[in-house]
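Colleague: First, the structure itself, so that you have it in front of you.
The values are calculated or read from the model by the stated rules, or taken from the named source; none is laboratory data. Keep in mind it's a predicted model, so treat the numbers as computed, not measured. Reconstructed Cβ throughout: ideal geometry from the backbone, glycine too, with neighbour counts over all protein chains shown. In case anyone asks, the SASA skips ligands and DNA or RNA and just uses the protein heavy atoms, side chains included. Shrake-Rupley method; radii C 1.70, N 1.55, O 1.52, S 1.80 Å.
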Amino acid sequence: MVKNRLFTEWDFLDKNTIRFAQITKLKTFLRDHVIPFSHFYRDMFNKAHIDPEKFTSLDDLRQIPFTAKNDLLVTSDHPDRARDFVLIPNQSQLSKRPRVMLRALLSGKAQVKAALQREYRPIFLTSTTGRSSEPIGFFYTAYDLDNLASAGKRLVDVVGAVPEERAINMFPYAPHLAFWQAHYATTAFGVFAVSTGGGKAMGTDGNLRLMEKIQPNTVLGMPTFLYHVLTQAADEGRSYQNLTTLVLGGEKVPPGMRNKLATLVKLLSGNTARVVATYGFTEAKMAWGECPFQLDQPASGYHLYPDLGLFEVIDPESGEVLPEGSPGELVFTPLDARGSVVLRYRTGDCIDGGLIYEPCPYCKRIVPRLVGNISRESEVRELRFDKIKGTLVDFNELEHLLDDAEYIGAWQVELRKMHDDPLELDELILHVERIGSKDDETVSRQLANLVAAHTEIHPNQILFHSRRHMRKRQGVGEELKEKRLVDHRPNGSHPLPPRDSSQWHNPLSWIFKRMGETR
C-alpha cells in the first residue's frame, strides 16, 4: 500500500453514499449555475421539459440528452458557438439571490463583485488539438483553476510522489490540458518542478542536460517523446540516480511501452521504475491518474474525483447506460465547474474494463475507477482509416501490437497508394527501428506474421531505419504529438477537413465585449 498523505473525505465512501452525494451536487449545480447561465442547456432543458429538482437518483441523469463534439464545432451560422456553453450570469439575477444579498450586507458590494468575477469571469483557455476538426476552446475562471489545481494535487498524490522530490515536466508548451494539468499539479502539491516545453522548446539535448542538473525523481511527458529522450540518454551513457517515476499522458500506454520505459529507467538509474499513465481530455478540464503497480500486476485503473465529476459507460451504438464493469464508451458530466460546461459529454473514448467501485488493491481508496485499456477514438490520430486493401483494420490494436513488440523500438505506419496512383491499391508500409540481437530478416518475418495474424493485412514493406531517422520521421521535438500513423495516399481517401482561419480570428472577442458590458 502506498503511503498516501492527501486522502479526502470522498476516498473511502461506499458506492451508495457516493452516488447519493453526487446526485445532490448535480441538482444544485444544474439549478444554481447551468440552467440559469448556460444558453445551450437552458434551451435544452426548457424544450425537453427537464426539471432537475425532480431527480431522485443518478438514473435520472439519463433524461439529459448527450452532448457530442459536433455540438461544439463552429459553423458559419454559429461563429461564437463556444459562448453557448459558457456560464455567463446575468447580474440582475445574481443580485437577487439571498446568498449574494447577505454577502453584500456583510462584506460590501465591491467584495461581492470581486468574488463573483472570480467565480464566473473567464481568464484562461485550453483547447483541443484540432487534429480532426477546428480546435475547440474551453474557458476557465479562477474557480476552475482552483479545481484544476485540486485535481492535479490529488493526481500527484495518487501516483506516489512526495513534496521533497524533484520533477521535470516535458509536456509541450501549448494551450492544451496535459501541460497545464502537470504545471498546476506540481505547484499545488509543492513539488519542485521545471517545465521544459518538450523537444520543440529545448530539444532532446537540452532536456538531457537539464535532467543531469536537476536529477529528477519524476519526469512527466508524452510516452513517445520520453522513450526517445531516455533512449538517447542510455546511448550516451548518462546517469540519473534519483529517477524512479514516469508519469505519462497524451497517448495510450500499452504494456509493451511501459516495459520498455521501465527498462530504460532501470538502465539509467538502477531503480525499479514506477511507470503510470494519466487520462484526461479538454472537455473535462482535469485529468486522473493510476496508482503505482508492479509491471507484472494488473494496472490500478484511473482514480476519479467523485466530488468534481462523474462518468457513465454507455453502449456506443444504442446510447444505453451499461452496468458496472462493462466495456463501452465514456460519458462525462462535471459537478462543480464554471466557465465552459458540457453535460453528458460523449468522449468517443472506449474502455474495455468499465467503471468500478471496488477498493483499489494498492492504495485501498474506494473512489470510482476506470479500469482497462482506453481507445482514444476522439483525438488519437489525424485521420480516420476505414479499409486498407478492402479489409477493415483496427488501428488501436495495431498500435498496441507494435508498442508491445520487444524487438522494435520507434515505429511508424505509412499508408500509400501503389505507384502514387489514386486508383491503385492501398499499401501499408512499416517503418521501424530494430532493437535487440535479432537480425533484420528475422524481425521482418516475425513482424509481418504478427501483423497479419491480428489484422489480416500483410505489410507491403517493412523498412528498417536508424534511431535518428525514426526521430525525424516521427517529428520528435517538432510535433505536438509524434506522427506514428500517416496517410500519404494521393488526393487522400480521408482528407483533413479544410481549416477556416476566420473562425478563430479572435475566439475571445465575445468575452471582451461582455466584460465591457458588465464593468
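Colleague: Here is the link list: 109/153; 153/252; 25/285. Which ones come out longer than 26 Å on Cα distance? Mind dumping the intermediate values first?
Modeller: Values: 109/153 33 Å; 153/252 22 Å; 25/285 18 Å.
Over 26 Å apart, Cα to Cα: 109/153.
Colleague: About its Cα centre, what dipole magnitude does segment 127-208 give when the only charges are +1 on Lys and Arg Cβ and -1 on Asp and Glu Cβ, stated in debye to the nearest 20? Mind dumping the intermediate values first?
Modeller: On the way: 5 positive and 7 negative charges, 26 e Å.
Using Cβ point charges on Lys, Arg, Asp and Glu, segment 127-208 gives about 120 debye.
Colleague: When averaged across all projection directions, what area in nm² does the alpha-carbon convex hull of segment 17-69 cover? Spell out each step's value before the answer.
Modeller: Values: hull surface 15.5 nm².
If I average the Cα hull's projected area over directions, I get 3.9 nm².
Colleague: What order, most packed first, do the peptides 111-120, 25-34 have when packing is the mean number of other Cβ atoms within 10 Å of each residue? Walk me through the numbers on the way to the answer.
Modeller: Numbers: 111-120: 16.2, 25-34: 18.0.
Ranking, from highest mean packing down: 25-34, 111-120.
Colleague: Please list, or write none, the aspartates and glutamates whose alpha carbon is within less than 16 Å of the alpha carbon of residue 27, excluding same-chain residues fewer than 8 places away.
Modeller: 51, 53, 59, 60, 307, 336
Colleague: Another question, if that's okay. Going down the list 200/483; 54/113; 213/266, which pairs span over 24 Å between their C-alpha atoms? Could the numbers behind the result be given before it?
Modeller: Values: 200/483 14 Å; 54/113 32 Å; 213/266 19 Å.
Violating the 24 Å Cα-Cα cut-off are 54/113.
Colleague: Ordering 54, 153 from largest to smallest accessible area (1.4 angstrom probe), what's the sequence?
Modeller: Details: 54 150, 153 80 Å².
Ranking 54, 153 by accessible area, largest first, yields 54, 153.
Colleague: So if I place +1 on the C-beta of Lys and Arg and -1 on the C-beta of Asp and Glu, and nothing else carries charge, what would the dipole magnitude of the chain be about its Cα centre? I want it in debye, nearest 20. Working shown, then result.
Modeller: Numbers: 65 positive and 66 negative charges, 462 e Å.
I would put it at about 2220 debye.
Colleague: Oh, and also: Which values, in whole Å and largest first, are the semi-axes of the equivalent ellipsoid of the chain obtained as the square root of 5 times each eigenvalue of the Cα gyration tensor? List each step's numbers first, then the result.
Modeller: Numbers: eigenvalues 322, 151, 105 Å².
Those come to 40, 27, 23 Å.
Colleague: Which one of 374, 107, 76 has its Cα pushed farthest toward the positive end of the charge dipole of the chain, where Lys and Arg give +1 and Asp and Glu give -1 at the Cβ?
Modeller: Farthest towards the positive end: 107.
Colleague: Taking amide hydrogens as modeled 1.01 Å from N in the peptide plane, which residues meet the under 5 Å criterion relative to residue 127, leaving out close sequence neighbours?
Modeller: So residue 127 has HN proximity to 138, 176, 177.
Colleague: Give me the accessible area per residue for segment 223-359, probe 1.4 Å, as a whole number in Å². Could the numbers behind the result be given before it?
Modeller: On the way: 4010 Å² over 137 residues.
The answer is 29 Å² per residue.
Colleague: Charges on Cβ only, +1 for Lys and Arg, -1 for Asp and Glu, centred on the Cα centroid of the chain; of 140, 208, 231, which one is farthest towards the dipole's positive end?
Modeller: Projecting each Cα onto the dipole axis, the largest value belongs to 140.
Colleague: Can I ask one more? Can you tell me the relative contact order of the chain? Whole percent, Cα pairs under 8 Å, sequence separation 6 or more.
Modeller: 14 percent
Colleague: According to the square roots a ≥ b ≥ c of the eigenvalues of the Cα gyration tensor, what is the shape class of segment 116-183, taking rounded for a/c under 1.5, prolate for a/b larger than b/c otherwise, and oblate for the remainder? Write out the running numbers ahead of the final one.
Modeller: Numbers: a/c = 2.70, a/b = 1.29, b/c = 2.10.
Verdict is oblate for segment 116-183.
Colleague: With a cap of 11 neighbouring Cβ atoms within 10 Å, and only residues DSSP puts in a loop, list the GluC sites (Glu not before Pro) found in segment 174-251.
Modeller: Working: sites: 212, 236, 251; in loops: 236, 251.
Filter output for segment 174-251: 236.
Colleague: Can you find, among 409, 46, 451, the residue sitting farthest towards the positive end of the charge dipole of the chain, where Lys and Arg contribute +1 and Asp and Glu -1 at Cβ?
Modeller: Sorting the options by dipole projection puts first 46.
Colleague: Where the only charges are on Cβ atoms (+1 Lys, Arg; -1 Asp, Glu), what is the dipole of segment 10-100 about its Cα centre, to the nearest 20 debye? Don't skip to the answer; put the middle values down first.
Modeller: Numbers: 15 positive and 12 negative charges, 53 e Å.
For segment 10-100, the charge dipole is close to 260 debye.
Colleague: Whole angstrom only: what separates the Cα centroid of segment 267-321 from the Cα centroid of segment 69-91?
Modeller: 30 Å
Colleague: How much accessible surface area, in Å² rounded to 10, belongs to the heavy atoms of residue 419 with a 1.4 Å probe?
Modeller: About 150 Å², rounded to the nearest 10.
Colleague: What is the diffusion coefficient of segment 123-248 in µm²/s, taking the Kirkwood radius over Cα pairs and the Stokes-Einstein relation at 20 °C with a viscosity of 1.002 mPa s? Can you show the working numbers first?
Modeller: On the way: Rh = 15.2 Å.
Approximately 141 µm²/s, per Stokes-Einstein.
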